[in-house]
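Participant: Questions regarding the structure given below will be posed in turn.
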Amino acid sequence: MKILTPLFLLLVLSAPLPVQAVGANARFVSEVESIQPGVPFTVALLILPDKHYHTYWKYPGIVGLPTSIKWQLPKGFRAGEIAWPAPEVVDMAGHPAHGFHRDLLLLTVITPPKKLPVNSVTLTGELAWMACHKECHPGFVTRRLTLPVNRDREIRPHPEWAAAIATEREALPRETDLWKVSIESRPDVTPVLIRVRPRAGAAADPGEIYFFSEDGQITSEPAQKVKRQPDGSYLISGTRSEFSPKKKTTLPGTLVASGGWARGKPLSAFRAEPAYPGK
């Protein structure tokens, strides 16, 4: 039986909370050893899936639950949005979805107030995630991270986590001039047609191509169809989700290529947000 997202979420959220996380575990780590008043810093949610398990991306597709953080911060602190890395296609009981098999660092920038009359601060986050293999296990836990406040000396990078967080940040999908992305279908119709045209410096053969829809306009099932055109461009055809948001003017997403998008240098993923025709 095909499991659609709302029913899947209803079953998950009504399930008893596990005493101990099964399928994955998660905790916060910091890029810095201490913080300074008014100076933004990065905290990462470290997700460690068990062997063969996967967790889910911001839009998981037809099944799954995206990892989320509900922050409880000291007064005056602000948290940005999660910076999502490029996902992969994962399988749950024969249904393709969008997620990660690997250990993961989900980055969030925290901005403290300019005045901090304390010696340390504790950041609290209520976490929710889903880890799946042959069956799925929801995780609902609260995690905390305490950091000292440093007013007298330069902030030092965390000796264990700074380099890993910097590597994850560098790999985040960004826009590129190597490919032009456009939409060749109207809003709110199916299929959704996306054309990707090479420019100077683009890879001659990017390999297998996939468009990960960030806001759920394109479902993860059925599979996308990709066809190379005579002019060297690629036409991606995806099925609009029956739960797609309506009246969107753009199509935000992450494009992934198995062979890389750039000629002579690594670029496996990039982000694009083309506008619908006439918008």
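All of the numbers you see were taken from the coordinates with simple rules; none came from a lab. Source: prediction; values computed, not measured. For neighbour counting, all protein chains shown are included, and Cβ atoms are generated from backbone atoms with ideal geometry for every residue, glycine included.
Participant: LYS180 to VAL39: FRET efficiency via 1/(1 + (r/R0)^6), r the Cβ-Cβ distance, R0 45 Å, to the nearest 0.05? Mind dumping the intermediate values first?
Facilitator: Working: r = 38 Å, r/R0 = 0.85.
It comes out at approximately 0.75.
Participant: Could you grab the relative contact order for segment 179-272? Cα pairs under 8 Å, six or more apart, rounded to a whole percent.
Facilitator: Relative contact order comes out at 33 percent.
Participant: Give me, ordered by chain and number, the residues 5 or more places off MET92 or on other chains with an amide H under 5 Å from its own placed amide H.
Facilitator: ALA97
Participant: A further question on this structure: Please list, in order along segment 35-46, the HN-Hα scalar couplings obtained from phi with the Karplus expression 6.51 cos²θ - 1.76 cosθ + 1.60 (θ = phi - 60°), rounded to whole Hz, x for Gly and Pro.
Facilitator: Result, ordered by residue: 10, 10, x, x, 9, x, 9, 10, 10, 10, 8, 8 Hz.
Participant: If a paramagnetic tag sat 7 Å from the Cα of VAL149 along the Cα-Cβ line, which residues of segment 48-87 would have the backbone N under 12 Å from that point?
Facilitator: Under 12 Å, as judged by backbone N against the label point of VAL149, lie 74-77 of segment 48-87.
Participant: Under a 5 Å amide H to amide H cut-off, with H placed in plane at 1.01 Å, what residues pair with GLU184 once short-range neighbours are removed?
Facilitator: LEU193, ILE194, ARG195
Participant: If you stretched the chain out fully between THR190 and SER68, how much longer would it get, using 0.36 nm times the residue separation minus the C-alpha to C-alpha distance?
Facilitator: Details: separation 122, 0.36 × 122 = 43.92 nm, distance 2.93 nm.
The THR190-SER68 span can extend by a further 41.0 nm.
Participant: Okay, next question. If the only charges are +1 at each Lys and Arg Cβ and -1 at each Asp and Glu Cβ, what is the size of the charge dipole of the chain around the Cα centre, to the nearest 20 debye?
Facilitator: So the magnitude is around 660 debye.
Participant: Okay, next question. To the nearest 0.05, how large is the calculated FRET efficiency for THR122 and ARG156 if R₀ is 25 Å and r is the Cβ-Cβ distance? Could you put the intermediate results ahead of the total?
Facilitator: On the way: r = 20 Å, r/R0 = 0.79.
Using R0 = 25 Å, I get an efficiency of 0.80.
Participant: Cut-off under 29 Å on the C-alpha distance; same-chain residues fewer than 8 positions from LYS246 excluded. Which lysines are left, in chain and number order?
Facilitator: Result set, ordered by chain and number: LYS2, LYS58, LYS70, LYS180, LYS225, LYS227, LYS279.
Participant: Using the Karplus equation 6.51 cos²θ - 1.76 cosθ + 1.60 (θ = phi - 60°), what ³J(HN,Hα) coupling, rounded to whole Hz, does each residue of segment 111-118 give in order, writing x for Gly and Pro?
Facilitator: After applying 6.51 cos²θ - 1.76 cosθ + 1.60, I find 10, x, x, 6, 10, 9, x, 9 Hz.
Participant: Residue by residue through segment 204-212, what is 3J(HN,Hα) from phi via Karplus (6.51 cos²θ - 1.76 cosθ + 1.60, θ = phi - 60°)? Round to whole Hz and write x for glycine and proline.
Facilitator: My calculation for segment 204-212 gives 5, 9, x, x, 6, 10, 8, 10, 8 Hz in order.
Participant: Distance between the C-alpha centers of segment 245-267 and segment 149-220? Whole Å please.
Facilitator: 6
Participant: Considering amide H positions built from the backbone, and no H for Pro or chain starts, which residues 5 or more places from ALA24, or on another chain, come under 5 Å of its amide H?
Facilitator: Here the answer is ASP50, since their amide H atoms fall under 5 Å of that of ALA24.
Participant: Mind listing which trypsin sites (Lys or Arg not before Pro) in segment 202-259 are in a DSSP loop and have 14 or fewer other Cβ atoms within 10 Å? Mind dumping the intermediate values first?
Facilitator: Numbers: sites: LYS225, LYS227, ARG228, ARG240, LYS246, LYS247, LYS248; in loops: LYS246, LYS247, LYS248.
Here the trypsin sites (Lys or Arg not before Pro) that fit, given the DSSP loop and packing criteria, are LYS246, LYS247.
Participant: Rounded, prolate or oblate, given the Cα gyration tensor of segment 161-222, with a/c below 1.5 counting as rounded? List each step's numbers first, then the result.
Facilitator: Working: a/c = 2.47, a/b = 1.44, b/c = 1.71.
Oblate shape, in that a/c is at least 1.5 and b/c is the bigger or equal ratio.
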